[in-house]
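Chemist: First, the structure itself, so that you have it in front of you.
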Amino acid sequence: MTRFVILAFIILGCQSPTPKPKAQFELKYPTPHYKPLLIDCSYSFEQNLLAVPQTLSDCGLTLDYPALSAKLYLTYFDLITFSLDTLLLDFDKRLKMFGKEAFQMEESTFENKAQNLFGSCVVIVGDSPSNLHFFVTDTKKHYLTGSLLFNAAPNYDSLAPAIAYVKSDVQKLLETLRWD
């Protein structure tokens, strides 16, 4: 019996454990196709056909992404009525509020001198209820801001591919945005 136990230890002890490769979901989203979104407001841009626009009020709207269980909320402000400084402070407060659980914030600025557009897009890396925020303005009359919200628990690792997909749509929005 002891020979059998010793033999079993030798055979089983000679096997070295091999680590398993890390598994990740392969999430594939359709290639974005864009069309002009024409609304009765002071701005227009090209939107992804995957997103369904829904008017809220006073030139505010959402771009609903049913396939991603996400909504991009857009809010427009007329700078004749609202102060740019106040709106920028509000943007910073929103980032601080949503960035409490952030590991880092990745900010990219946007500038199109030909169209008089200036803005910023911020991705909050971490388990935040809203990981993507942006604003764009001409600093004189128009200000548009947006936030991405998911109908899911905040888990950045799981949501990162969807956040990246919508971020490319936001970049297209900023590139094609025109003030009326």
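The values are calculated or read from the model by the stated rules, or taken from the named source; none is laboratory data. Bear in mind that the values here come from a model prediction, so they are computed numbers and not experimental data. In this analysis, Cβ positions are derived from the backbone assuming ideal geometry, glycine residues included, and neighbour counts consider all displayed protein chains.
Chemist: Kindly provide the set of residues from the stretch 83-110 that are touching a strand residue (DSSP E or B) at 6+ places or on another chain (Cβ under 7 Å), closer than 23 Å to K141 by Cα and surrounded by 12 or more Cβ atoms within 10 Å (Cβ to Cβ), ordered by number.
Modeler: L84, L87, F91, R94, S108, F110
Chemist: Evaluate the following for A152: is it at pLDDT below 95 and in contact with a helix residue (DSSP H, G or I) (Cβ under 8 Å, 6 or more places away or on another chain)?
Modeler: yes
Chemist: Moving to a separate point now. Do you know which residues across the stretch 51-96 are touching a residue at least 12 places away in the same chain (Cβ under 8 Å) and of a type in the set (S, T, N, Q)?
Modeler: Across the stretch 51-96, the qualifying residues are T55, T62, S69, T75.
Matching residues to (1) of a type in the set (S, T, N, Q); (2) at pLDDT 95 or above:
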| position | (1), (2) |
| --- | --- |
| A67 | no, no |
| Y73 | no, yes |
| Y76 | no, yes |
| L87 | no, yes |
| K96 | no, no |
| S108 | yes, no |
| N112 | yes, no |
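Chemist: Which one is surrounded by the most Cβ atoms within 10 Å (Cβ to Cβ) among residues in the stretch 45-79 that are among the small types (G, A, S) and out of contact with any Asp or Glu (no Cβ under 7 Å at 6 or more places or on another chain)?
Modeler: A70
Chemist: Moving on to the next point. Select from the stretch 106-131 the residues that are touching a residue at least 40 places away in the same chain (Cβ under 8 Å) and in contact with a Cys (Cβ under 8 Å, 6 or more places away or on another chain) and list them in ascending order.
Modeler: F110
Chemist: When residues of the stretch 146-177 are filtered for being closer than 19 Å to L49 by Cα, surrounded by fewer than 17 Cβ atoms within 10 Å (Cβ to Cβ) and touching a residue at least 24 places away in the same chain (Cβ under 8 Å), how many remain?
Modeler: Of the residues in the stretch 146-177, 6 are closer than 19 Å to L49 by Cα, surrounded by fewer than 17 Cβ atoms within 10 Å (Cβ to Cβ) and touching a residue at least 24 places away in the same chain (Cβ under 8 Å).
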